[in-house]
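Contents: one structure, followed by commentary.
The values are calculated or read from the model by the stated rules, or taken from the named source; none is laboratory data. It should be emphasised that the depicted structure is a prediction, and the values quoted were computed from it without experimental measurement. All Cβ positions, glycine included, derive from the backbone under ideal geometry; neighbour counts span all protein chains shown. SASA here: full protein model, heavy atoms, side chains in, ligands and nucleic acids out. Shrake-Rupley method; radii C 1.70, N 1.55, O 1.52, S 1.80 Å.
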Amino acid sequence: MLKYALKRILQTIPMLIVLSMVVFGMVRLIPGDPVKIMMGIDVASDSYEIEKERLGLNGTIVEQYVRWVERLFDGDMGTSIFTKKPVLQEIGNRFKPTLILAVGGTVLSSIIGIMFGLLAAIRHNRFTDHFLMVTSLIFVSTPSFFSALILILIFSLQLRWLPSIGLGSWKAAILPIVTLGLTAVGSLTRTTRSSMLDVVHQDYIRTARARGVPERTIVFRDAFRNALIPVLTSIGLRFGSLLAGATLVETVFSISGLGRFLVDGVGNRDYPVVQGTVLVMAISFVLVNLIVDLLYSAVDPRIKYS
Amino acid sequence: MKPILKVENLTTSFQGEEGRVTAVRNLSFELHKGETLAVVGESGCGKSVTALSILNLIPNPPGKIDNGCIWFEDRDLTRLRKRDMRKVRGNQIAMIFQEPMTSLNPVFTVGRQVMDSLIIHQNMTKKKAHAAAVSLLTSVGIPEPELTVDRYPHQLSGGMRQRAMIAMALACRPDILIADEPTTALDVTIQAQILNLLRNLHDEMNMSILLITHDMGVVAQLADHVLVMYAGEAVEYRKSKELFKSPHHPYTEGLLKSIPSLTEDHLVLYNIPGSVPPIHAEIEGCRFADRCSYAQPYCREHKPELEGDRESKVRCHFALNVT
């Protein structure tokens with residue numbers, strides 16, 4: 001299994017190289033010159049050239065890329081054009097809030113989504129099922145910025161229970177995490193439900209009943225374990241994309257996370273920031289996928305890696 | 001002697017798209033201690049539904065036991081509370097299924113599934129149950145039982161899985177074993193091994209077996225008595241040997257004729273003409289009349305009843321081989 005993990009990590013290297021090239025090229029395709037954005041359109045041509053060289057933007061795009069990769073191996077992702085701080089340090093500062101939101105949102109949505117999904121499957125075609133399906137549909141189709149505003153309206157403005165800005169205390173983390181959790185609950189409920197409904201009609205569930213296994217054990221042990229694979233996939237994908245930052249929620253709650261950092265970087269034509277952030281996001285996404293893949297084999301013994 | 005299991009007027013139906021479909025109608029039979037009773041018939045004749053009804057495993061909805069009693073130890077299983085029914089399942093009445101490939105849970109080891117009923121019904125500790133599972137696997141002829149006990153179903157062959165399934169069913173030494181097509185999904189050589197195993201275990205443990213099958217060869221090897229079902233009804237009940245010698249019901253005769261013979265030269269295999277009537281069709285006369293070569297106009301108007309004595313019953317106006 002360790003061998004498999006190593007192999008998988010090695011396999012991602014070519015992918016990361018291609019990805020970095022694409023990002024590198026694409027940010028430069030966006031109209032707009034970072035030097036001019038910073039120094040004004042009517043900057044004198046000699047100071048323009050000096051500044052350009054200082055930022056490492058001189059030479060052809062290939063030369064620039066090679067320079068960037070060389071520095072990358074020294075652990076240097078360049079310096080932000082806009083904030084003048086090292087990109088790596090900036091990402092480090094913003095990774096923690098993103099991680100808190102991603103982990104919190106994933107844990108919350110997993111707990112509620114799996115619970116709802118199980119409940120809907122047990123009560124298949126009865127009121128509880130229909131109710132939960134409609135509820136999850138509402139969750140799925142509500143944009144996160146909208147539910148964020150509603151939550152702020154109720155819990156910050158009306159009830160004055162929770163702060164609506166930043167991530168300064170654990171209390172401040174509640175609303176953004178709930179917002180992210182709610183959006184994911186809907187799809188997870190549906191995945192869990194359909195996966196469970198598929199499993200409960202399998203022969204081995206009937207065998208378990210014929211053995212006298214209590215119904216509760218059948219649902220939570222015999223059936224759920226088998227229904228877990230699609231659920232895990234769904235959770236993993238969601239967690240991966242949350243690690244890439246939840247820009248809308250970060251914006252509404254004024255949290256400086258990776259998502260906003262990237263969007264601001266694109267707006268400022270801050271090439272090093274965009275390149276570095278996308279690379280970090282890609283790596284975390286790949287790692288999460290690898291962990292999910294390794295979890296599959298823990299859940300289902302038929303899945304073996306070689 | 002008092003029968004260990006007595007089914008009286010069992011009627012089980014399913015809600016279909018075109019209304020309720022009666023899969024088993026007014027079925028009655030008895031199973032005695034140590035006896036092997038085979039229930040035979042074509043696909044869809046209601047034999048599996050009968051087996052599932054006994055353990056109350058009919059999926060509801062759409063299925064439902066509409067009528068009848070199933071007496072076991074002076075209790076009517078159809079009226080048992082869920083909890084009490086669960087104590088019967090796997091403990092006093094156990095069941096093995098047709099598909100060893102899909103009937104074992106793929107994510108748990110074979111041992112864990114064998115241990116399950118021991119832990120549930122006999123309150124064994126995990127450690128004791130594990131040891132018991134090893135000896136059960138040994139008794140059903142699984143090689144390397146100490147290793148197999150910790151293997152997963154997909155690591156076992158079909159025959160081994162069916163053996164594991166039998167071990168699972170026998171874990172609590174049940175009074176009755178219901179075997180629903182236990183050999184159908186297996187290779188011929190493995191079939192013979194499994195049948196031998198069932199016969200040996202039956203002799204050893206003196207349990208009663210309700211054998212559901214469509215294979216007359218299996219019936220000949222295991223059964224003491226045979227109940228022939230057609231379109232949800234019992235049409236003949238006989239001692240196995242007598243049934244093979246001189247079937248009373250034309251349908252039974254047809255079933256026996258359909259067994260290919262090695263000694264005779266058949267260019268075309270015999271089959272019973274026609275097909276089973278649509279299960280939801282209400283038929284006034286004999287349900288087999290349309291396919292019966294002996295049918296008279298009388299048969300289509302008057303429904304025959306299952307008649308005879310305790311050892312021999314037939315549902316036919318013009319029963320064959322009756323003196």
*With A:192, A:207 as the choices, which residue is under 26 Å from residue B:116 (Cβ atoms), among the hydroxyl-bearing types (Ser, Thr, Tyr), more than 14 Å from chain B (Cβ to nearest Cβ) and open to solvent by less than 60 Å² (accessible area, probe 1.4 Å)?*
A:192
*strands (runs of 3 or more DSSP E) wholly in the range B:161-236 with at least 2 residues that are buried (at least 24 other Cβ atoms within 10 Å of the Cβ) and within 14 Å of another protein chain (Cβ to nearest Cβ) - which ones?*
B:176-180, B:208-213
*Among (1) open to solvent by 50 Å² or more (accessible area, probe 1.4 Å); (2) free of Cβ contacts under 8 Å to residues at least 40 places away in the same chain; (3) hydroxyl-bearing (Ser, Thr, Tyr), where does residue A:79 come up short?*
(2)
_Just to check your reading of the model, which residue among A:273, A:292 is more than 14 Å from every other protein chain (Cβ to nearest Cβ), in contact (Cβ under 8 Å) with a residue 12 or more places away in the chain and within 17 Å of residue A:102 (Cα to Cα)?_
A:292
*May I ask you to say which residue of B:117, B:135 is on the phi < 0 side of the Ramachandran plot, surrounded by 21 or more Cβ atoms within 10 Å (Cβ to Cβ) and more than 19 Å from the chain's Cα centre (by Cα)?*
B:117
*Residues (in contact with a Pro (Cβ under 7 Å, 6 or more places away or on another chain) and open to solvent by less than 30 Å² (accessible area, probe 1.4 Å)) located in the range B:293-315*: B:315
_Return the residues of the range B:237-270 that are open to solvent by less than 40 Å² (accessible area, probe 1.4 Å) and assigned to a helix (DSSP H, G or I); say none if nothing qualifies._
B:240, B:243, B:250, B:251, B:252, B:254, B:255, B:256
*Is it the case that some residue within the range B:77-93 is under 27 Å from residue B:156 (Cα atoms), among the aliphatic types (A, V, I, L, M), surrounded by 16 or more Cβ atoms within 10 Å (Cβ to Cβ) and more than 8 Å from chain A (Cβ to nearest Cβ)?*
yes
*Which one of these is open to solvent by 30 Å² or more (accessible area, probe 1.4 Å) and within 13 Å of another protein chain (Cβ to nearest Cβ): B:59, B:100, B:106?*
B:59
*Restricting attention to the range B:278-292, report how many residues are open to solvent by 60 Å² or more (accessible area, probe 1.4 Å) and touching a strand residue (DSSP E or B) at 6+ places or on another chain (Cβ under 8 Å).*
1
*Of the residues that sit in the range B:1-28 and are without any contact (Cβ under 8 Å) to a residue 60 or more places away in the chain and in a strand (DSSP E or B), which one is farthest from residue B:68 (Cα to Cα)?*
B:15
*Could you check how many residues of the range A:39-71 are under 31 Å from the mean Cα position of the chain (by Cα), touching a residue at least 12 places away in the same chain (Cβ under 8 Å) and open to solvent by 50 Å² or more (accessible area, probe 1.4 Å)?*
1
_helices (runs of 4 or more DSSP H) wholly inside the range A:28-100 that include at least 1 residues being touching a Gly at 6+ places or on another chain (Cβ under 9 Å), at pLDDT 85 or above and more than 30 Å from residue A:254 (Cα to Cα)_ = A:61-73
*Within the range B:120-132, tally of residues that are facing chain A (nearest Cβ under 10 Å) and open to solvent by less than 50 Å² (accessible area, probe 1.4 Å)*: 1
*Taking the stated definitions as given, is residue B:275 in contact with a helix residue (DSSP H, G or I) (Cβ under 8 Å, 6 or more places away or on another chain) and open to solvent by 30 Å² or more (accessible area, probe 1.4 Å)?*
yes
*asked:* open to solvent by 30 Å² or more (accessible area, probe 1.4 Å), basic (Lys, Arg) and within 12 Å of chain A (Cβ to nearest Cβ): is that true of residue B:112 in this structure?
replied: yes
*Return yes or no: is residue B:285 at pLDDT 80 or above and in a loop (DSSP other than H, G, I, E, B)?*
yes
*Mind checking which residues of the range B:138-155 are within 25 Å of the chain's Cα centre (by Cα) and either open to solvent by 50 Å² or more (accessible area, probe 1.4 Å) or modelled with pLDDT of 90 or more (or both)?*
B:139, B:153
